[in-house]
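Asker: My questions will all concern the structure given below.
Just so it is clear, none of the values below were taken in a lab; they were calculated from the coordinates. None of these values were measured; they are calculated from a predicted model. Because the Cβ atoms are built from the backbone with ideal geometry, glycine has one as well, and the counts that use them run over all protein chains shown.
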Amino acid sequence: MRTPLAKARGRGSAKEGTGHFIQQRITAFANIPLVLAFLLILASLVGADYQTAHDRIANPFIAAILIGLTFNLSLHMRIGMESVIEDYIHHEGVKVLSYLANTLFTYAMAILGILSILIIALGG
């Protein structure tokens, strides 16, 4: 018969668990006004033609909101997937590859999204 302490030993510590929890909550909280602003922007473009949508995104204020949303959503997604990887992937090799793939994917999506917005905002 093993005690709960004996079962927990050797499973590693959760040294960064609190940090990830706090980061996840901060990015979620920051997403609220960003997503609301995005929905308002999107609603204002219903029925608009391409040029109107392009001009709206080229507005520096709108572009800043979209860049902030893209960055924050990517960060939130990376942190969330790290939690899933920590909890459900137990093989160390697969876990390391999953972390790497998660980080590369989220950074690539953030960079592509932000560059796309910048190209439009800077006259491309």
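Asker: Taking segment 33-84 as the region of interest, how many residues are of a type in the set (A, V, I, L, M) and under 30 Å from Leu100 (Cβ atoms)?
Answerer: 11
Asker: Could you pull out every one of the helices (runs of 4 or more DSSP H) wholly within segment 44-124 that has 3 or more residues that are closer than 22 Å to Ala28 by Cα?
Answerer: 60-88, 92-121
Asker: Still on this structure: So if I check each of Ile67, Ile79, Ile111, Ile85, which one is at negative phi, surrounded by 12 or more Cβ atoms within 10 Å (Cβ to Cβ), over 14 Å from the mean Cα position of the chain (by Cα) and among the β-branched types (Val, Ile, Thr)?
Answerer: So the residue among Ile67, Ile79, Ile111, Ile85 that is at negative phi, surrounded by 12 or more Cβ atoms within 10 Å (Cβ to Cβ), over 14 Å from the mean Cα position of the chain (by Cα) and among the β-branched types (Val, Ile, Thr) is Ile85.
Asker: Shifting gears a bit: Has segment 53-72 got any residue that is under 15 Å from Ile120 (Cβ atoms) and of a type in the set (D, E, K, R)? Lay out the reasoning, then the answer.
Answerer: Filtering segment 53-72 for residues under 15 Å from Ile120 (Cβ atoms) gives 53-67, 69-70.
Filter again for of a type in the set (D, E, K, R), leaving 55-56.
The answer is yes; a qualifying residue exists.
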